[in-house]
Amino acid sequence: MLPEWLESELDLVPDFDAFAGVDELEDLLETLASEYPDVAELREVGRSREGSRLLCLTVGPPGAPDALVFGLPHPNEPIGGLTAVHLARRLCQDAGLRERLGHRWHVIACIDPDGLRLNEGWLRGPFTREHYARHFYRPAGGDQIEWTFPLDYKDARFDTPLPETRALMELIDEHRPALVCSLHNSELGGVYYYISRQESALFPVLQAVPERLGLPLHRGEPEAPHIVRLDDGVFQTGSVRRAYDRMIAMGQKWSGDSGDNTASYAGRHGSLTLISELPYWIDPTADDSTPTTTSYADALAAKAEAVAELAVLLNESLDAVGDHLILAGSPFWRATRFFARIMVRAAETTAARARMPESDRPATVAEVSSLIGDGHSFRLRYGGILLRGLDAELAAGNQAAVIGRTRELVAERYEHWLATDSAAEHEVIPIRSLVATQYSATIAAAAHLASRL
């Protein structure tokens, strides 16, 4: 299923024993620029909120269609940093590859250096679910670069893009890229992709790459109910507009927590956006479409119950400590306040879906697995951020008794969640396989657009 040239590129991806942090990614791009000055140019395209440089390496001939690739759109998703650097290295090294792909490339290894620094506690392992969760950080919606593009749809409006988002907007408007690759990753399960338009000829290659590397495709629950499935493991890029319309149709109010995404913004220039989502741990049931004796409604209800339990813990903890914080504006508390609201809404929405007549059917193995996995993932992720916020208060000298009491209560519940995490023993995927999958999907998309796949 894979063309010979792409098979060869898979074999050239090196082994990795850890993910790269901010300083290492900067150093790697600077080294490439110094080693290949005739084909690569490194420039600063902006600064993060905390003042870190946003570096972009451009490789390829002027006049060719442009491609924009960026890693770490969410800072807990570091696969893309290594993928971006490997892509840049291969483009610098191989004129034949540059010609085949037919684009001028603009590569940013890390678009959220501030957020990545808050995840650096787990990047070198051990790669257990517990170690990951205890050092995990994901920003609040208004702090997420991928979801703070301008939005003006009905009464949903957002017009305060982050500095990092503005850097991407300026690159997109300057170069009007034919291809945009936002390098994400998921957490547990199988491989899946988002694509901004129907490019059916590309789908078999996207599906074959993980199979070639021994990774399952994700055939379970999509990330959100408004997500449109195009093929096995291939979904249409998320749309704030579709999400808005679905919420209004279900009688819910739009929250206005964040803005639009990269695919929507780049779409104004006709860009094809590809997002490759890869897990850290394999769920062997991720691609199992066998019906079970569990109803889809019951599986949804179980997820709703798990998420509701998390929402109660987050909100009760915030109510308890809210007037006693000395670091109230920290990223951990901003994230906790955001996800406390989101989890309430997610529990209500999932419970409402469980009551719909169309949910009265057998769930597949993959659906049951992914719904259970989502509930566990949310509890470990956002409960972990809450613990980090409480620990930061104690480390800063906050002696309010309620901080310590709340920390004890949260830690007790968190230990229970860790003990009941059904995915704790799942196989860790070699980082090389993750980078190879994401890299191959990226260059396959470019070759497809150049009619050289």
*With runs of 4+ DSSP H residues as the only contributors, calculate the mean residue ellipticity of the chain at 222 nm using -39,500 (n - 2.57) per run, divided by the residue total and rounded to the nearest 500.*
-15000 deg cm²/dmol
*Roughly what angle does helix 296-321 make with the longest principal axis of the chain, taking Cα atoms, 0 to 90 degrees, to the nearest 10?*
70 degrees
*What distance in nm separates the simple spin-label points at Glu44 and Asp298, each placed 7 Å from Cα in the Cβ direction?*
6.0 nm
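Over the range 301-416, what percent of the accessible surface lies on carbon and sulfur atoms, probe 1.4 Å? Please report the intermediate quantities before stating the final value.
Details: 2800 of 5150 Å².
Its accessible area is 54 percent carbon and sulfur atoms.
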_Among DSSP bridges having both ends in the range 146-276, what percentage is antiparallel? Round to the nearest 5._
55 percent
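Just need the relative contact order of the range 1-150 here, percent rounded to a whole number, with Cα pairs under 8 Å and 6+ apart.
On the way: 230 pairs, mean separation 39.3, N = 150.
With pairs under 8 Å counted, the relative contact order is 26 percent.
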*Using Cα atoms only, what is the angle between the long axis of helix 401-419 and the major principal axis of the chain, expressed in degrees (0 to 90) to the nearest 10?*
70 degrees
*Using only Cα atoms, tell me the angle between helix 431-449 and the longest principal axis of the chain; keep it within 0 to 90° and round to the nearest 10.*
50 degrees
*Antiparallel as a % of all DSSP beta bridges within the chain, to the nearest 5?*
55 percent
*asked:* Which one, Met356, Leu386, Thr165, projects farthest toward the positive side of the charge dipole computed for the chain from Cβ point charges (K/R +1, D/E -1)?
replied: Met356
*With charges only on Cβ, +1 for K and R and -1 for D and E, what is the dipole size of the range 134-228 about its Cα centre, in debye, rounded to 20?*
280 debye
*Largest first, how would Glu393, Glu415, Glu30 line up by accessible area (1.4 Å probe)?*
Glu415, Glu30, Glu393
*Take the alpha carbon gyration tensor of the range 85-137, find the square roots of its eigenvalues, order them as a ≥ b ≥ c, and report rounded if a/c is under 1.5; if not, report prolate when a/b exceeds b/c, else oblate.*
prolate
*Can you give the charge dipole size of the chain about its Cα centre, rounded to the nearest 20 debye, using +1 on the beta carbon of Lys and Arg and -1 on the beta carbon of Asp and Glu?*
1040 debye
*asked:* Given a 1.4 angstrom probe, I'd like the percentage of the accessible area of the range 153-238 that is carbon and sulfur, rounded to a whole number.
replied: 45 percent
_Leaving out ligands and nucleic acids, and using a 1.4 Å probe, what accessible area per residue does the chain come to in Å²?_
39 Å²
*When only Cα pairs under 8 Å and 6 or more residues apart are kept, what is the percent relative contact order across the range 340-453?*
22 percent
*Classify the range 51-192 as rounded, prolate or oblate, taking a ≥ b ≥ c as the square roots of the eigenvalues of its Cα gyration tensor: rounded when a/c is under 1.5, otherwise prolate if a/b is larger than b/c and oblate if not.*
oblate
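Using a Förster distance of 30 angstrom, determine the FRET efficiency expected from the C-beta separation of Asp152 and Ala64, and round it to 0.05. It would help to have the intermediate numbers written out before the result.
Values: r = 33 Å, r/R0 = 1.09.
E between Asp152 and Ala64, to the nearest 0.05, is 0.35.
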*How far apart, in nm, are the 7 Å Cα→Cβ label points at Arg166 and Ser200?*
4.4 nm
*Quick one: length gained pulling Ser289 to Met250 fully straight, 0.36 nm per residue minus the C-alpha distance?*
11.2 nm
*By accessible area with a 1.4 Å probe, ligands and nucleic acids excluded, highest first: order of Val368, Val209*: Val368, Val209
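So, with a 1.4 angstrom probe, what is the percent of accessible area on the range 17-115 that is carbon and sulfur?
The nonpolar share, carbon plus sulfur, comes to 43 percent.
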*Remind me, relative contact order of the chain in percent, using alpha carbon pairs under 8 angstrom and six or more residues apart?*
20 percent
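The values are calculated or read from the model by the stated rules, or taken from the named source; none is laboratory data. All of these numbers come straight from a predicted model, not from anything done at the bench. Don't worry about glycine lacking a Cβ; one is built from the backbone with ideal geometry, like all the others, and counts go over all protein chains shown. Quick note on the areas: whole protein, heavy atoms, side chains included, nothing else; ligands and nucleic acids left out. Shrake-Rupley method; radii C 1.70, N 1.55, O 1.52, S 1.80 Å.
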